[in-house]
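S.K.: Below you'll find the structure I mean.
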Amino acid sequence: DSGFRQEPPQLKNQYLDDIVLKNILKRLLPSTVLNEIEPDLSQFGERVITDIAAMGEDVETPSNYPQLKQYDAWCRRVDEISTAQGWKDLNDVAAKEGLIAIAYERKYNEHSRIYQFAKQYLYSPSSAMYSCPLSMTDGAARVIELLGTEEMKNTYYDRLTSRDPAKFWTSGQWMTERPGGSDVGQSETQAELFDEKTNTWSISGFKWFSSATTANLTMLLARTIDPKEGTVKNGSKGLSLYVAEMRQPNGQLNGVRVHRLKNKYGTKGLPTAELELSGMKANLLGKSGRGVPSIASILNITRIYACLGVVCALRRSLAIAKDFAYKRRAFNNSLDKTPLHITTLAQLELVFRAGAQITFYACQLLGRTECVQEIKEDAAILRFLTPIAKAYVCKSGVNACSEAMEALGGQGYMEEVGIGRQLRDAQVNTIWEGTTNVLAMDVIRVIRETKGQCLVAFEKMIKEKVIRSIMLSSRLEDAGKSIEIALDNIKKFFTQSMQNKLETEANARQLTFALGRTLAGALFLEQAA
Ligand code: MFK
Ligand code: FAD
C-alpha cells in the first residue's frame with residue numbers, strides 16, 4: 001500500500017551527540033586531558049552504534065541466549081555454558097578499548113577513572129550487559145590491588161587489567177545464597193583449609209545467583225572453618241573472602257556444578273546461574289572473618305556501575321525519544337513543538353542529568369581516593385554518597401526509562417525500537433548490588449558508624465559547592481538558597497523523625513532520596529556556574 005510511513009528515530013555518534021557528557025567532562029577534566037582523550041571518545045561513540053551495537057544485537061537474539069549443556073553424549077558431567085559470538089566479541093572489544101585497563105594504568109592519575117567511566121557509559125547500552133562482568137572485574141582488580149598477595153598481583157591483577165584479549169580475564173562475584181542475598185550473614189557455604197603452605201581452601205556450598213558464570217575467576221564469600229577447632233562463627237563475622245579460578249589447569253571446572261541457568265525478566269544474554277560448589281579450591285584474600293568489609297571494596301565500585309548502567313540506559317532511551325519527537329506529528333503539530341510532550345521530555349532530561357552528575361561525581365571521588373594522597377575527606381564522602389547514589393539514581397532512572405518508552409507511543413513498546421531492552425536491563429540495577437531499601441539502611445549504617453559526622457561532612461561539601469557556584473555566577477543565588485533550605489529540611493526531618501530505631505529505619509528511604517535530590521541540586525549549580 002502507499003499509505004503513511006513514519007520516518008524512524010535514529011542514533012547519532014553517542015559521544016558527539018551527548019552535550020551532557022561533554023559538559024561534565026569539560027568541567028571535571030583538565031583541558032589537556034580532555035583534548036588528548038576526545039578523539040578516542042569520538043571513535044568509540046561511533047563504534048557503539050555500529051559494530052559494537054551489532055555484537056549486542058547478536059547477544060540479544062533469542063536463539064543466541066546462553067544455554068547450558070550439563071552432560072556430554074557419554075553421560076559425563078560437563079556443565080558447558082554456550083554464549084553468542086557477540087558475547088565473546090564484546091569481551092575482546094572491552095580488553096582492546098581498555099575498559100578496565102584505563103582505570104589501572106592511571107595514565108591521567110585521578111582523571112583516569114572519569115575517562116574509563118565515560119567509555120563504560122558509551123559501551124553499556126550497546127553491550128547487552130557485558131558491562132556486568134566488566135564491573136565485577138573492575139571491583140576484583142581493586143580488591144586484589146588492596147588486599148592481594150604479590151603472587152595474586154602478578155597473575156590475576158595483571159590479567160584483569162590487561163588490554164590483550166588473549167590475556168584478559170573477567171571475574172564474577174558470588175555472595176548471594178538461598179537464605180539471603182541482602183543478609184549474607186545467613187550464608188551456608190563453608191571453607192575448609194586444604195593446604196596451609198599455599199593458603200588453599202576447599203569450598204563447598206551453593207551460590208544462588210552467579211552472573212558472569214563464564215568468567216575466568218571469581219571472588220566469593222564462605223564461612224571459614226577454624227583449622228584448629230573445627231568450628232565456625234555464625235553471622236557475617238564468620239565469613240571470609242576467597243578468590244578462585246573457575247577452571248583447573250586441565251580445563252575442567254574447579255569443583256563447580258552448574259545447577260541451572262536463571263530464567264530472567266531482562267539481562268537475557270548474561271549467563272546467570274545457580275552453582276553447587278563441591279571442593280572448589282580457592283585462596284583466602286584478606287583477613288579471615290573480614291569477608292564482608294573486604295568484598296565491600298568490590299561492592300562500592302559495582303554500585304557506581306549500577307548507577308552508570310541506569311543513567312546511560314536512560315540517555316539512550318531519551319536519544320531515541322527526542323529524535324522521534326522531531327519526526328512525529330500529532331494534531332497538526334510536530335511533537336517537538338507540542339508543549340506537554342516537550343515538558344514531559346524535559347522532566348526526563350532532568351532526571352537523566354541529575355543521575356549523570358551524581359554518577360560522575362562519585363567516579364571523580366573514586367579516582368581521587370585511588371590516586372591522591374590525603375584522601376580522608378574524599379573517602380568519607382564517597383562512602384556515604386555511594387549508597388545514596390545507587391538508591392536514588394537507579395530508582396528515579398528506571399521510572400524515567402519507562403516514561404521514555406511512552407514518549408514513542410505504541411512503537412516505544414516494540415522490541416526493535418530498543419527502549420524495551422534498556423528498560424528491562426535497567427530495572428535489575430535497583431535489585432542487584434543491594435536493593436533500594438538495603439542501600440537506604442547502608443546510609444543509616446554510615447550515619448551510625450560515624451556518629452553523624454558523615455552528615456556534617458555532606459552538608460559542608462554541599463555548602464562549599466553552592467558558595468563557589470554563586471561566587472562564579474550571581475544569577476544562581478536563588479537556586480543556591482533553595483538548596484540551603486533543602487539541607488535545613490533534611491536536618492529537621494532527621495532530628496524529628498529519627499527519634500528511635502524503628503522510626504529511623506522506617507524513614508531511611510525518604511532520607512536517602514532527599515539527600516540524593518539535594519546533591520543533584522548542588523551539582524547542577526556547579527555545572528551551571
Ligand atoms: C552495569 C551493572 C553493574 C552491576 C553488575 C553487578 C552484577 C550483580 C552482582 C551482585 O548482585 S553481587 C551481590 C551483591 N550483594 C549485595 O550487595 C549485598 C547487599 N547487602 C548488604 O549490602 C548488606 O548491608 C551487608 C551484606 C553489607 C550486611 O552485612 P552485615 O555483615 O550484616 O553488616 P554489618 O555487620 O553492619 O557490617 C559488617 C562490616 O562491613 C562493618 O565493618 P566493621 O566490621 O569494620 O565494623 C561495616 O562497616 C562493613 N560494611 C558494610 N557495608 C559496607 C561496609 N564497608 C564499606 N562499604 C560498604 N558498603
Ligand atoms: P532478599 O534479601 O530476600 O530481599 C527481599 C526484600 O526484602 C527486598 O525488597 C529487600 O529490599 C527487603 N529487605 C531485606 N532486608 C531489609 C532491611 N533490613 N530493611 C528493609 N528491607 C529489607 N548475587 C551475587 O552474589 N552474584 C551475582 O552475580 C548476582 N547476579 C544477579 C543477577 C541478577 C539478574 C539478579 C536479579 C540478582 C543477582 N544477584 C547476584 C543477587 C542479588 O544481589 C540479590 O538478589 C539481592 O542482593 C537481593 O537479595 P535477595 O534476592 O536474597 O532478596
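The values are calculated or read from the model by the stated rules, or taken from the named source; none is laboratory data. Since we're looking at a predicted model, the values are computed, not measured. Every residue, glycine among them, receives a Cβ derived from its backbone with ideal geometry; neighbour counts consider all protein chains shown. Heavy atoms of the whole protein, side chains included, go into the accessibility calculation; ligands, DNA and RNA do not. Shrake-Rupley method; radii C 1.70, N 1.55, O 1.52, S 1.80 Å.
S.K.: Leaving out ligands and nucleic acids, note down the accessible area per residue over the stretch 424-529 with a 1.4 angstrom probe, in whole Å². Spell out each step's value before the answer.
M.R.: Numbers: 5510 Å² over 106 residues.
For the stretch 424-529, the solvent-accessible area averages 52 Å² per residue.
S.K.: Arg257 versus Asp488, label points 7 Å from Cα toward the beta carbon: distance in nm?
M.R.: The two pseudo-label positions are separated by 6.5 nm.
S.K.: How many Å² of accessible area per residue for the stretch 172-304, probe 1.4 Å?
M.R.: 44
S.K.: So with the 1.4 Å probe, I'd like the accessible area per residue for the stretch 337-383, rounded to whole Å². Intermediate values should be presented prior to the final figure.
M.R.: Numbers: 2320 Å² over 47 residues.
It amounts to 49 Å² per residue over the stretch 337-383.
S.K.: Same structure again: Efficiency by 1/(1 + (r/R0)^6): what FRET value for Lys26 and Tyr71, r their Cβ-Cβ distance, R0 = 60 Å, to the nearest 0.05? Walk me through the numbers on the way to the answer.
M.R.: Numbers: r = 56 Å, r/R0 = 0.94.
For R0 = 60 Å, the calculated efficiency reads 0.60.
S.K.: Follow-up question, since we're still on this one. Hey, got the dipole for the stretch 1-128? About the Cα centre, +1 on K and R Cβ, -1 on D and E Cβ, debye to the nearest 20?
M.R.: 460
S.K.: Please work out the Cα center distance from the stretch 243-315 to the stretch 1-67, rounded to the nearest Å.
M.R.: The stretch 243-315 and the stretch 1-67 have Cα centres spaced 28 Å from each other.
S.K.: Can you pull out the trypsin sites (Lys or Arg not before Pro) in the stretch 68-111 whose DSSP state is coil and whose Cβ has at most 11 other Cβ atoms within 10 Å?
M.R.: Numbers: sites: Lys69, Arg76, Arg77, Lys88, Lys96, Arg106, Lys107; in loops: Arg76, Arg106, Lys107.
Sites meeting the loop and neighbour criteria: Arg76.
S.K.: Glu192 to Thr61: extension gain in nm, 0.36 nm per residue of separation minus the Cα-Cα distance?
M.R.: The Glu192-Thr61 span can extend by a further 42.9 nm.
S.K.: Hey, another quick one. Can you give the longest stretch of the chain with no exposed loop site, where a site means chymotrypsin sites (Phe, Trp or Tyr not before Pro) in a DSSP loop (not H, G, I, E or B) with at most 13 other C-beta atoms within 10 Å?
M.R.: The reported range is 332-529.
S.K.: Which semi-axes, in whole Å and largest first, does the equivalent ellipsoid of the chain have when worked out from the alpha carbon gyration tensor as the square roots of 5 times its eigenvalues? Kindly include the intermediate steps, with their values, before the conclusion.
M.R.: Working: eigenvalues 279, 183, 94 Å².
Those come to 37, 30, 22 Å.
S.K.: Keeping all protein chains in position, work out how much accessible area Glu274 exposes to a 1.4 Å probe, and write it in Å² to the nearest 10.
M.R.: That residue has around 10 Å² of solvent-accessible surface.
S.K.: Using a cut-off of under 19 Å, list every residue of the stretch 479-497 whose amide N is near the label point 7 Å from the Cα of Lys460 along the Cα-to-beta-carbon line.
M.R.: Hits in the stretch 479-497 for Lys460 at 19 Å: 484, 487-488, 491.
S.K.: Moving to a separate point now. With each run of n ≥ 4 DSSP H residues scored as -39500 (n - 2.57), what mean residue ellipticity at 222 nm is computed for the chain after dividing by its residue count and rounding to the nearest 500 deg cm²/dmol?
M.R.: After summing the helix terms and dividing by the residues of the chain, the value is -17500 deg cm²/dmol.
S.K.: Using the Kyte-Doolittle scale, which helices in the chain average at least 0.0 and also have C-alpha atoms spread 27 Å or more along the helix axis, with helices defined as whole DSSP H runs? If you can, show how the numbers build up before the last one.
M.R.: Numbers: long enough: 291-327 (54 Å, 0.88); 339-371 (47 Å, 0.53); 376-406 (45 Å, 0.20); 453-472 (29 Å, 0.64); 477-497 (30 Å, -0.42); 508-528 (30 Å, 0.57).
Both cut-offs are met by 291-327, 339-371, 376-406, 453-472, 508-528.
S.K.: Once you've got the Cα coordinates, tell me which of Lys22/Lys119; Lys26/Lys107; Lys69/Lys96; Lys451/Lys492; Lys88/Lys264; Lys153/Lys287 are over 24 Å apart.
M.R.: Working: Lys22/Lys119 12 Å; Lys26/Lys107 18 Å; Lys69/Lys96 30 Å; Lys451/Lys492 17 Å; Lys88/Lys264 21 Å; Lys153/Lys287 17 Å.
From the list (Lys22/Lys119; Lys26/Lys107; Lys69/Lys96; Lys451/Lys492; Lys88/Lys264; Lys153/Lys287), the Cα-Cα distance tops 24 Å for Lys69/Lys96.
S.K.: How much FRET efficiency would the formula 1/(1 + (r/R0)^6) give for Asp183 and Leu472, where r is the Cβ-Cβ distance and R0 is 60 Å, rounded to 0.05? Write down the numbers at each step before the final one.
M.R.: Working: r = 46 Å, r/R0 = 0.77.
With a Förster radius of 60 Å, E is 0.80.
S.K.: If you don't mind, another one. Treating the beta-carbon of each Lys and Arg as +1 and of each Asp and Glu as -1, no other charges, what is the dipole magnitude of the stretch 336-471 about its Cα centre, to the nearest 20 debye?
M.R.: 540
S.K.: How far is the Cα center of the stretch 221-237 from the Cα center of the stretch 108-172, in Å?
M.R.: First find each Cα centre; the distance between them is then 30 Å.
S.K.: Given a 1.4 angstrom probe, I'd like the percentage of the accessible area of the stretch 374-457 that is carbon and sulfur, rounded to a whole number.
M.R.: C and S fraction of accessible area: 55 percent.
S.K.: Can you send over the solvent-accessible area of Ile375, 1.4 Å probe, protein chains only, in Å² to the nearest 10?
M.R.: Accessible surface of Ile375 is approximately 50 Å².
S.K.: Of all accessible surface on the stretch 1-93 at a 1.4 Å probe, what whole percent is carbon and sulfur?
M.R.: 53
S.K.: Farthest toward the dipole's positive end in the stretch 217-366, which of Leu220, Ala273, Ser334, given Cβ charges of +1 (Lys, Arg) and -1 (Asp, Glu) about the Cα centre?
M.R.: Ser334
S.K.: Under 18 Å between alpha carbons, and skipping anything fewer than 8 positions from Lys327 in its own chain: which lysines qualify?
M.R.: Within the straight-line cut-off, Lys327 pairs with Lys12, Lys337.
S.K.: Quantify, in whole percent, the carbon and sulfur part of the accessible surface of the stretch 197-264 (1.4 Å probe; protein heavy atoms only).
M.R.: Numbers: 1590 of 3330 Å².
Carbon plus sulfur share of accessible area: 48 percent.
S.K.: Roughly how big is the chain's charge dipole about its Cα centre, with Cβ charges of +1 (Lys, Arg) and -1 (Asp, Glu), in debye to the nearest 20?
M.R.: Result for the chain is approximately 880 debye, rounded to the nearest 20.
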